[in-house]
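Beneath this line is the structure, given in structure tokens, with notes to follow.
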Amino acid sequence: MGAAWGRRALRAGLALGALALVLQGLRGWLAAKRYEFSPAEIAQLARHHAGLDHELAFSKIIVELRKRHPGHILPDEDLQWVFVNAGGWMGSMCLLHASLTEYVLLFGTAVDTGGHSGRYWADISDTVISGTFRQWKEGTTKSEIYYPGDTIVHQAGEATSVQWSAGTWMVEYGRGFIPSTLAFALADTLFSTQDFITLFYTLRVYAKGLLLEANAFFSTFGC
């Protein structure tokens, strides 16, 4: 009995050690790699168009991003507004760029909504184009309201309460281990709404983003 328990403890210890090494390696890779975008670039571009009609602002932002990052923004035929149900809130996103370590998307809601932000292995920043966004940070007793032109930074590991007013639209940039965010983003779809069509749309557009990035990567080697 004791020997069996000892073997199980040893296996558990080895598994935890291996996991720690993997996480440390992942952390080092994320810190050392070169990124296509920067939070400051996306925030500045969004602020430049804040206050405009959101559809006009988004069209201008897409055009500008394609000029700055040719081959890294999904073509028009792959752009799609997809519902997102997560943390009790409901919004809609249009993915522009996605890789294993970055994403750029347009996000917002046509109705009042709010809930839990999620806790990620990624840094996420949002710049408001229209409407208002309210955030209540963990460990505090007061919330803050953000307006067009403001940028909200959600650091890796943080959790907040979030609330959007109807007609709030923003530009979002994420950097980190992006697949880790999918569990939260898809949990309500899987276990609450069971909207498997939206699940398919979400996974399909992310796959298209990954394929676009793979093509851009190999094209640098003349493949």
Exercise for the section: Among the candidates Phe133, Phe107, single out the residue that is closer than 30 Å to Ala216 by Cβ and either charged (D, E, K, R) or touching a residue at least 12 places away in the same chain (Cβ under 8 Å) (or both). Expected result: Phe107
Completion exercise
For region 47-64, pairs from a residue that is in a loop (DSSP other than H, G, I, E, B) to a residue that is of a type in the set (D, E, K, R), with Cβ under 9 Å and 6 or more apart or across chains, are Ala50/Asp150; Leu52/Lys60
Completion exercise
Counting only residues that are of a type in the set (Gly, Ala, Ser) and in contact with a His (Cβ under 9 Å, 6 or more places away or on another chain), region 40-63 contains a total of 1
Exercise for the section: Just name the residue that is most open to solvent (accessible area, probe 1.4 Å) out of those in region 32-56 that are in contact with a strand residue (DSSP E or B) (Cβ under 8 Å, 6 or more places away or on another chain), within 25 Å of Ser99 (Cβ to Cβ) and not small (Gly, Ala, Ser). Expected result: Arg47
Exercise for the section: Could you check, for region 192-212, whether at least one of its residues is outside any helix (DSSP H, G or I) and either at pLDDT 95 or above or not β-branched (Val, Ile, Thr) (or both)? Expected result: yes
Practice task
List the strands (runs of 3 or more DSSP E) that sit entirely inside region 78-163 and contain at least 3 residues that are over 22 Å from Thr198 (Cβ atoms) and open to solvent by 20 Å² or more (accessible area, probe 1.4 Å).
Solution key: 133-137, 143-146
Practice task
Run Phe184 past the list (1) within 20 Å of Ser117 (Cβ to Cβ); (2) open to solvent by less than 40 Å² (accessible area, probe 1.4 Å) and report the number of the one that doesn't hold.
Solution key: (2)
Problem - Test for Lys67: is it outside any strand (DSSP E or B), open to solvent by 30 Å² or more (accessible area, probe 1.4 Å) and in contact with a helix residue (DSSP H, G or I) (Cβ under 9 Å, 6 or more places away or on another chain) - result: no
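The values are calculated or read from the model by the stated rules, or taken from the named source; none is laboratory data. Everything numeric in this text was worked out from a predicted model, so none of it was measured. No Cβ is skipped: glycine too gets one built from the backbone with ideal geometry, and neighbour counts run over all protein chains shown. Please note that ligands, DNA and RNA were not included when accessible areas were found on the heavy atoms of the full protein model with its side chains. Shrake-Rupley method; radii C 1.70, N 1.55, O 1.52, S 1.80 Å.
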